[in-house]
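Heads up: the structure comes next, in C-alpha cells.
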Amino acid sequence: MRLIEKIWFQGHQAKWFVIPLLIPLTVLFWLLSLLRRLFYSCGVFQSFTVTKPVIVVGNIGVGGNGKTPLVLFLVEQCRQQGLTPGVISRGYGGKAPNYPYLVNERSTTKEAGDEPILIYQRCQVPVCLGSDRVASAKKLIDQGCDIIITDDGLQHYRLARDIEIIVVDGKRRFGNGFLLPAGPLREGKWRLNKADFVVLNAIKEKAGNTQAFVDDEQYNDKQLSMTLFAKVVCNLVSGEQVALSQFIKVNKKVNAIAGIGDPQRFFTTLENNNFVLENQVGFVDHHEFERDDFAAFTIEHPLLMTEKDAVKCQSFAESNWWYLPVDAEFSKTDTKAFTDKINQVINSNS
C-alpha cells in the first residue's frame, strides 16, 4: 500500500509530518468543491436531465468501495422489473478510439478499462464510456435503454439524477476524515444525508456476522447492508467453472493477487472461505498487469485473482489461474427498498 493510503486509513506515523503540509491544499480543494456545488445550485453551471431515469452509484472517497458489484445487482433488479438498463462508466485506464464509446465484444481493457469490460461480459447490457456522462446517457437511450445506471459519477453534477446511492467500504470507512489530499474524501460525511441510500459494503466474518454502520442512528432511514459472496471459481484459460466448496477441497493452499482499491479485502475473503494463502501480492487499483508481474509465483499452487483483474490477464494466463466472481447480497427488506424506489421513479417519469 502506498504511504499516503497508510496515512489516510491506518494512521501511519508519517501523518504528523505529511498532513500539516497537505492541509493548505485540502482547504483549496474544499473551497473549489464548495464553489462548484454553489454554481450548480444557483444555475451558473447547468445540470442536464435526460429523458430516462438515472441511478448514480458513487462514493464520497477515493478508491474502490464495491460500486461495481452493486451496479451488477441493480442491473439484474431492473431487468426483473421489465426494464432495459444501460451502464455509464468513466472507463478509467482506457483510451477508446472515440467518445462516447460503446463497449462491444471486440473491446479491450486498453480501450475501455477493466470495470466496463467486466460489466459488459457479465451482464451483456449496453455500456457506454466517456467523461461527458450526459452524452453517454443519451447514447444509451438511443440504444433502447429505459433506465441508466452510472458506475461512479456522484460528483458529476452536470448529469441530473433520480436516485443517488453512496457506497461505504465497511473496513476503511472514511479514513482519517479529511478531504483530499490530506485525507481520502472527495466530499464530507454531510454528503451522506443527501443520498437516497447509503450502502455499507460489509465484511462477513467466518461466524456469519457483519459490521454495523457507523452513526447508524443518523442514517438509519437510508442505510442498507451489502455483503459480497462467491459460489464458483472460473478458469482464465478454459472458462471452466468449479463450485467454490469443491475447489477448496482439492486446492486448499493457493497464491493470490489483487489490483483493487483494498487488496486485503480480497485476501480476507479467501481466508474467510478457508483458503491458505501461500503468497499474496496487492497492486494499486486498475493496475495494468504484465506477464512479469507473475514471475515470483510457482505453478505448484493455483493462482486466484478478482474478476476485475482477470479481464486484464486473459491474454497471457496460464492453465492454473482462476478468478473469483462475486455477487452483491442484500436482505429481502433492503432489496425491496431498491425496487420500490426504482418503481416510484419509473411511475413518476411515465
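The values are calculated or read from the model by the stated rules, or taken from the named source; none is laboratory data. From a predicted model like this one, the values you see are computed outputs, not experimental measurements. Quick reminder, even Gly has a Cβ in these numbers, built from the backbone with ideal geometry, and neighbours come from all protein chains shown.
Couple of notes before you dig in:
- Test set (1) surrounded by fewer than 12 Cβ atoms within 10 Å (Cβ to Cβ); (2) modelled with pLDDT of 95 or more - Leu25 fails condition number: (1)
- Test for Gly64: is it surrounded by 12 or more Cβ atoms within 10 Å (Cβ to Cβ), assigned by TED's automatic domain parsing to the domain that holds Lys139 and touching a Leu at 6+ places or on another chain (Cβ under 6 Å): no
- Leu200 being at pLDDT 95 or above and either within 27 Å of Arg37 (Cα to Cα) or within 15 Å of the chain's Cα centre (by Cα) (or both): no
- Candidates Glu307, Glu240, Glu329, Glu318: the one that is touching a residue at least 12 places away in the same chain (Cβ under 8 Å), of a type in the set (D, E, K, R) and more than 23 Å from Ser225 (Cβ to Cβ) is Glu318.
- Some residue of the range 83-94 being modelled with pLDDT under 95, surrounded by fewer than 16 Cβ atoms within 10 Å (Cβ to Cβ) and either more than 22 Å from Arg186 (Cβ to Cβ) or out of contact with any strand residue (DSSP E or B) (no Cβ under 9 Å at 6 or more places or on another chain) (or both): yes
- Taking the criterion of being among the β-branched types (Val, Ile, Thr) and more than 17 Å from Gly66 (Cβ to Cβ), the residues of the range 306-350 that qualify are Val311, Thr333, Thr339, Ile342, Val345, Ile346.
- Asn272 being surrounded by 15 or more Cβ atoms within 10 Å (Cβ to Cβ) and either in contact (Cβ under 8 Å) with a residue 24 or more places away in the chain or touching a helix residue (DSSP H, G or I) at 6+ places or on another chain (Cβ under 7 Å) (or both): no
- The range 51-82: number of residues that are among the charged types (D, E, K, R), at pLDDT 95 or above and closer than 30 Å to Gln264 by Cα: 1
- Residue check, Phe247 over 29 Å from Arg2 (Cα atoms) and crowded, with 20+ Cβ neighbours inside 10 Å: yes
- Some residue of the range 18-31 being more than 24 Å from the chain's Cα centre (by Cα) and among the polar types (S, T, N, Q): yes
- Of the set (1) small (Gly, Ala, Ser); (2) exposed (fewer than 15 other Cβ atoms within 10 Å of the Cβ); (3) modelled with pLDDT under 90, all apply to Ser319 but (3).
- Consider the range 275-305 and keep the residues that are of a type in the set (Val, Ile, Thr) and either touching a helix residue (DSSP H, G or I) at 6+ places or on another chain (Cβ under 6 Å) or in a strand (DSSP E or B) (or both). The one that is modelled with the highest pLDDT is Val276.
- Hits in the range 306-350 - residues which are within 14 Å of Asn235 (Cα to Cα) and in a loop (DSSP other than H, G, I, E, B): Ala317, Glu318, Ser319, Asn320, Pro325
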